[in-house]
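Take a look at the structure set out below.
The values are calculated or read from the model by the stated rules, or taken from the named source; none is laboratory data. Fair warning: this is a prediction, and the values are worked out from it, not measured in the lab. Note that we place each Cβ from the backbone using ideal geometry, even for glycine, and neighbour counts take in every protein chain shown.
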Amino acid sequence: MTLSRSLVLFLSLGATTLPLCSLAADSVATDAEAGVDLAIQPGEDFFAYANGAWLKATNIPAGRGRWGARDEIAALTQRQLAAAIREASANPTGSTARKVGDFHTAYLDVAGIEAKGLAPLQPLLQSVDEVRDKKELARWLGGEMRADVDPLNVGVFASPHLFGLAVEFGIHGEKNHFAYLLQGGLGLGEREQYLGDAPAAQAVRSKYRDYIARLLELVGCDRAAERAGAVLALETEIARSHATPQQSANDRNADRHWSRADFASRAPGMDWDAFFAAAGLAKQSDIVVWQPSSVEGAAALVAAQPLEVWRDYLRFHLADRYADVLPRAFAEAALAFHNEKLAALPPETARAQLAVETTNNALVAAVGRLYVEKHFPSATRVRAQAIADQMIDGFAQRIQAVTWMTPASKALALAKMKTLYFGAGGPETWPDDSALVIDAHDAFGNRRRAADWTYRNALAKLERPVDPHEWAIPAQAAGALLSFLQNSYNFSAALLQPPKFDPAASDAANYGATGAIFAHEVCHFVDPLGADYDARGALGHWWTKEDEARYAAASEPLIAQFSGYRVAADLAINGKLTLSENIADLAGLATAFEVHRRALGAKAADKDYVRAQDREFFLAFARAWRVQATAASLRTQAESNDHAPEQFRVATVRNLDAWYEAFDVKPGDRLYLEPKDRVRIW
């Protein structure tokens, strides 16, 4: 069922509350070429007009509350990735692409994995058996630490290992990298799964205990149920020492620098010299401890808990970590516990899905490179990057023109524009994976070697200065990443697909869709979100009180505009909650439009041509935000999200004079605003 049939949105203009989307779906006549809904006037509901054909043709998938452009792109990307990975084995031996193919081939070799039995895991189990004192335990834990956390980029604050390592920049504009130590070691992930009293949490713990017992039994342990209880009790104590998600999500944790002496005095119980030597960090005198309570708690547990319980903990986690590349009994037990939906599929289907996911996760950079080469050719990258650069230049001009910002703050904002790195597609250079060995007949070994390679690369960064052009989001992930601390933005190749970006579309269309999104993000670097970070990426508030007061006054009309929109008769948009994103939408659209107009050059003298190009610009903007949403989903978004529902974000066009001219919007139309009421902030 289309949005115009199943869901009524409301827009309050002045004293009257009127329906935003037309309900006359049965009589809709659409323009086959443009996809617009000719039964709706642009000035009545521009979102529904621009997306008419799509709204009629698109259904929300079962079990989902919404389905939009981002979801379409993500689904397409998954299909593209699966095909690229499955076809990668046809590439030349030794190439990065062939490594992807060989990893995937080995993972699918279930018969070969079965034939090897426990042999691949046996050396690791033997190493656990040889842990005969707490110093050897510390050495073992350090040797198995992995670079699997990322506190400052994508917010991964916990590792499946007892501790996780990240090597990242600092928060004060430093040019060197720091080693970050983060909490981990919980098979259930979140601390509340261990500590909560709700029946659901208790049921999960009971199921987990049975799972621990099953894997201990499979690796040859007797009294598996009893020993599983001890392992769960140990993990529960580890969980008690963990920081909460809210505590972990504070960038100021990056200021918790510990010297090596601090570890001995503040977290006694662990032989830290043995730990760091095994982890390859023996020479590192300064380490950031993101969650001190977890380090203190884990060290105390190393000292207090029986060695045999620790050994069982390690045995279980090894079996769990590598279950999918061990014999069928391990793989089936792990799948049943970790992913019931996938476990319900036919085994071959589930394995094929896991093969793609695991290959992508283990070889992120290699798969990203393969994806970019296949789906984001250099010409496309050049075009997308040019739009990004134009948006930065265009926004810098708008900064110079604003009247509410003080001259000193303008200078700082322009300095941020000069150093801002806005990457489109993927990294400028790919990591050298020539030392990474992938064997088409060794699924277990591939997993070990890939994780090892990633860890060594992380350690190597400690010897290098910070690269402001370094990417932290995979090119094949349909997303984008803003980093105030690096004064950079990464917009992935996967997300740069229609309707967000279309290499086959006109410049006007790509300025309207891609350019407006890019400029939206540029705005955040100098708005109240970016006002806490300078041009070096260092924490430090640079807006003056005068800037803040004038900005607040300039923002009031936009707060009122969005507070007048209603998603239901009893629920309005919260104009204050959504203000930051609404301003960025408006600034992004206005910046992109100016760049679009300048790009017309001599053709700007032809009024008919300009009007046609302007229409393409605005239609593309609206289509980049197309979405279907249930009433319940829309309500939830309006009540809690700092982004207004897309239908209202598209209505931002009513603040640009050129939109009225392009679509002949007149007084009396629902979206019409008097010129004096059209909001301009940046």
Hey, does segment 555-564 have a residue that's closer than 16 Å to R649 by Cβ, in the same structural domain as D389 (by TED's automatic domain parsing) and not in a helix (DSSP H, G or I)? yes
Number of the condition not met by D273 [criteria: (1) touching a residue at least 40 places away in the same chain (Cβ under 8 Å); (2) assigned to a helix (DSSP H, G or I)]: (1)
In the list L558, L571, L579, L529, which residue meets the criterion of being under 27 Å from the mean Cα position of the chain (by Cα) and in contact (Cβ under 8 Å) with a residue 40 or more places away in the chain? L529
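Hey, could you check segment 153-173 for residues that are assigned to a loop (DSSP other than H, G, I, E, B) and among the small types (G, A, S) and say which is nearest to the chain's Cα centre (by Cα)? Spell out the reasoning first.
Taking segment 153-173 as the starting set, the residues that turn out to be assigned to a loop (DSSP other than H, G, I, E, B) are 153-155, 157-158, 160-162, 169-173.
Remaining after also requiring among the small types (G, A, S): 155, 158, 170, 173.
Numbers: G155: 9, A158: 16, G170: 20, G173: 23 Å.
Within segment 153-173, the match that is nearest to the chain's Cα centre (by Cα) is G155.
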Would you point out the residue of segment 434-462, among those that are among the small types (G, A, S) and more than 26 Å from the chain's Cα centre (by Cα), that is nearest to D102 (Cα to Cα)? A440
Please work out which residue is farthest from the chain's Cα centre (by Cα), limiting yourself to segment 282-298 and to residues that are in a loop (DSSP other than H, G, I, E, B) and touching a residue at least 12 places away in the same chain (Cβ under 8 Å). S285
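For segment 621-653, enumerate the residues that are of a type in the set (D, E, K, R) and surrounded by 22 or more Cβ atoms within 10 Å (Cβ to Cβ).
Hits for segment 621-653 are R623, R626, E646, R649.
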Let me confirm something: among D222, D255, D210, which residue is among the acidic types (D, E) and without any contact (Cβ under 8 Å) to a residue 12 or more places away in the chain? D222
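When you check A323 against the structure, is it closer than 27 Å to L118 by Cα and surrounded by fewer than 15 Cβ atoms within 10 Å (Cβ to Cβ), yes or no?
Values: closer than 27 Å to L118 by Cα: yes; surrounded by fewer than 15 Cβ atoms within 10 Å (Cβ to Cβ): no.
So A323 does not fit the description; no.
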Listed by range, strands (runs of 3 or more DSSP E) wholly within segment 407-520 having at least 2 residues that are buried (at least 24 other Cβ atoms within 10 Å of the Cβ) are 421-425, 488-492
Quick one: which of S492, S563, S506 is of a type in the set (S, T, Y) and free of Cβ contacts under 8 Å to residues at least 40 places away in the same chain? S563
The one condition G220 fails out of (1) more than 14 Å from A319 (Cα to Cα); (2) surrounded by fewer than 16 Cβ atoms within 10 Å (Cβ to Cβ) is (1)
Residue selected from segment 598-649 under the condition within 23 Å of the chain's Cα centre (by Cα) and β-branched (V, I, T), by the criterion farthest from A48 (Cα to Cα): T636
